[in-house]
Amino acid sequence: MRYKKIQKLCLLAMALVSLTSIAQQTKPNVLFIFADDQRADAIGCSGNTYIQTPHIDKLAENGVRFTNAYVMGGHHGAICAPSRAMLMSGKSLFHVYDKLDGVKTMPMHFAESGYETFGTGKWHNKAPSFEASFQKGKNVFIGGMADHFNTPMSDLGKDGKLTKPVNKGYSTDLFADAAIDYISNYAKGKKENPFFCYIAFSAPHDPRSPREDYIGMYPDASMPLPGNFKAVHPFVFDNLNIRDETLGPWPRTPEMIQASLADYYALISHMDQRIGDVINTLKEKGLFDNTIIVYAADNGLAIGSHGLLGKQDLYEHSTKVPLIISGPGVPKNQTKDALVYLFDVFPSLADLCDLPQPTGIDGKNFSPIIENKATNIRESLYTTYRHTVRAVRTDGWKLIRYPERNYTQLFNLKNDPLEIHNLAEMDVYKSKVNEMMGLMDSWHKSTDDPENLHPSTILPLEYDYTKLKQKPDSHQPQYILDKYFKGVNLKEVEKTDH
């Protein structure tokens with residue numbers, strides 16, 4: 001009798017193990033593709049007819065594209081570091097900043113639910129947090145930026161530690177090849193556990209130096225200037241000589257912006273081609289139909305808009321990012337205009353994969369929007385840059401406040417999506433300004449924003465752009481120095497990491 005009971009218990013245990021294994025196998029895989037410094041409008045599916053991104057466009061055709069996805073901002077000029085920390089932690093800026101050590105990350109959460117995790121590409125949050133987050137890794141770049149032709153790469157060893165970095169070939173190719181190798185090897189195995197594969201490209205972040213065969217893909221003269229192009233920004237609000245802004249001289253000329261856009265688009269088209277190679281590998285290995293694919297970027301970029309080049313501001317071109325999700329259970333060819341943050345992806349992806357919801361986070365689950373069960377998860381959102389700029393936007397309005405300058409901008413985004421016409425000083429919009437300022441105060445409190453929105457010392461708006469100095473950093477290759485830094489003494493090249 002006792003033997004039969006033991007036998008039944010053993011059979012039950014085996015059945016439970018078998019059911020667990022089946023459940024693991026039926027969970028979708030995840031391919032997370034992350035771009036660096038890509039504007040939301042720098043893809044074909046956004047309506048941009050000047051850039052070729054057929055593979056990213058196909059993802060949008062096969063899934064859902066969010067038209068109002070934002071990074072919350074940053075507390076220093078290297079916006080991508082806090083952006084990536086927010087994405088990985090599901091926390092808002094003032095609850096994580098750019099520190100991931102000791103923080104539970106998205107790949108950790110997936111690993112706890114039986115996923116095999118792999119990472120390649122840029123990791124701007126230091127080596128220990130990568131080592132804690134991923135079980136496997138190849139061609140990992142720990143840092144903010146590098147020469148695309150000589151990016152230092154590390155692999156995650158069997159001891160769970162990253163190897164000493166070695167300079168290899170072109171970054172976009174190395175990251176794509178690492179992902180392709182991982183997927184191919186996974187397909188050869190037992191596939192008992194689903195995978196979470198994270199590819200973080202360092203393109204199209206500068207240096208704007210495409211691979212040789214992509215140089216000239218877009219003739220400079222064919223590039224249209226941004227609709228909000230300016231030669232210089234009309235007022236000073238922070239350090240306008242920060243490194244992103246030194247990638248071109250002042251005043252900005254149409255020719256320089258066209259050249260920058262041509263190289264920028266070439267970087268993106270090269271990345272798109274390699275994304276296509278990764279996706280084709282999924283299809284060839286029979287993994288595509290059960291893989292959720294996420295495409296996003298860490299922040300936008302100005303490239304001539306408002307007289308700026310970088311992302312150290314709160315205009316739409318710098319805070320809005322592409323966000324596309326496709327795969328099993330995701331409707332096809334839909335766009336959603338709900339206001340979402342990048343750090344909402346963590347709980348949303350967990351829900352789409354039928355995992356437990358992460359705890360202690362700020363992100364909101366937007367999967368009901370994908371599933372057409374809801375239209376929004378918030379009525380407004382808040383963006384920040386250092387202690388110098390704050391913004392709040394609703395469905396149709398955007399208010400940007402510069403506390404140290406006692407200056408306000410109000411834009412009707414439905415009528416003025418390029419943020420050209422400031423309505424803040426017009427009497428007819430005073431009530432709207434007050435309403436938006438009240439909303440900003442509420443966000444300031446609820447996000448634990450430590451900065452003072454009402455400083456006692458007010459600084460001038462005026463500045464002399466002729467005193468701004470162009471100075472390349474050590475990562476710029478000769479192609480860039482010759483094209484964008486003519487006459488610069490190479491001895492003045494500074495070492496930076498943004």
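Table for the structure above
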{"quantity": "Karplus-derived 3J(HN,Hα), 6.51/-1.76/1.60, for each residue of the stretch 453-469, Hz, glycine and proline x", "calculated": "7, 9, x, 7, 9, 10, 9, x, 8, 6, 7, 10, 5, 5, 8, 7, 10"}
{"quantity": "Alpha-carbon centroid distance for the pair the stretch 261-323 / the stretch 236-250, whole angstrom", "calculated": "24 Å"}
{"quantity": "Cα-based shape type of the chain, given that a ≥ b ≥ c are square roots of the gyration tensor eigenvalues and the cut on a/c is 1.5", "calculated": "prolate"}
{"quantity": "Simple spin-label estimate for Glu425 and Asn452 in nanometres, 7 Å along Cα-Cβ", "calculated": "2.6 nm"}
{"quantity": "Efficiency of FRET from Cβ geometry, Ser474 and Phe235, R₀ 35 Å, rounded to 0.05", "calculated": "0.65"}
{"quantity": "The chain - mean residue ellipticity at 222 nm from DSSP helices (-39,500 (n - 2.57) per run, n ≥ 4, rounded to 500)", "calculated": "-9000 deg cm²/dmol"}
{"quantity": "Length released on extending from Thr49 to Glu112, taking residue separation times 0.36 nm less the Cα-Cα span", "calculated": "18.4 nm"}
{"quantity": "Rounded FRET efficiency, nearest 0.05, which uses the C-beta distance separating Asn415 from Gln334 and R0 of 22 Å", "calculated": "0.30"}
{"quantity": "Nonlocal amide H pairs with Asn125, under 5 Å, H built at 1.01 Å", "calculated": "Gly143"}
{"quantity": "Difference of contour (0.36 nm per residue) and Cα-Cα distance, Asp220 to Glu435", "calculated": "73.0 nm"}
{"quantity": "Antiparallel %, DSSP beta bridges [both residues in the stretch 27-378], to 5", "calculated": "35 percent"}
{"quantity": "Highest to lowest packing among 119-125, 358-364, 385-391, 424-430, scored as the average C-beta count within 10 Å", "calculated": "119-125, 385-391, 358-364, 424-430"}
{"quantity": "C-alpha long axis of helix 2-26 to longest principal axis of the chain, angle in °", "calculated": "30 degrees"}
{"quantity": "Rounded, prolate or oblate (a/c below 1.5 giving rounded, otherwise prolate when a/b exceeds b/c) for the stretch 421-465 by Cα gyration tensor", "calculated": "oblate"}
{"quantity": "Tensor-based shape of the stretch 49-117 (alpha-carbon gyration tensor, a/c under 1.5 rounded, otherwise prolate or oblate)", "calculated": "oblate"}
{"quantity": "Other-chain or far-sequence residues with amide H under 5 Å of Ser380's (modelled H)", "calculated": "none"}
{"quantity": "Inter-label distance, nm, simple model (7 Å from Cα along the C-beta direction), Glu379/Asp213", "calculated": "5.4 nm"}
{"quantity": "Long-range Cα-Cα pairs in the stretch 344-459 (distance over 19 Å), rounded percent", "calculated": "56 percent"}
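Read-outs throughout are calculated quantities, based only on the coordinates presented, and are distinct from any laboratory measurement. Everything numeric in this text was worked out from a predicted model, so none of it was measured. Virtual Cβ from ideal backbone geometry, glycine too; neighbours counted across all protein chains shown.
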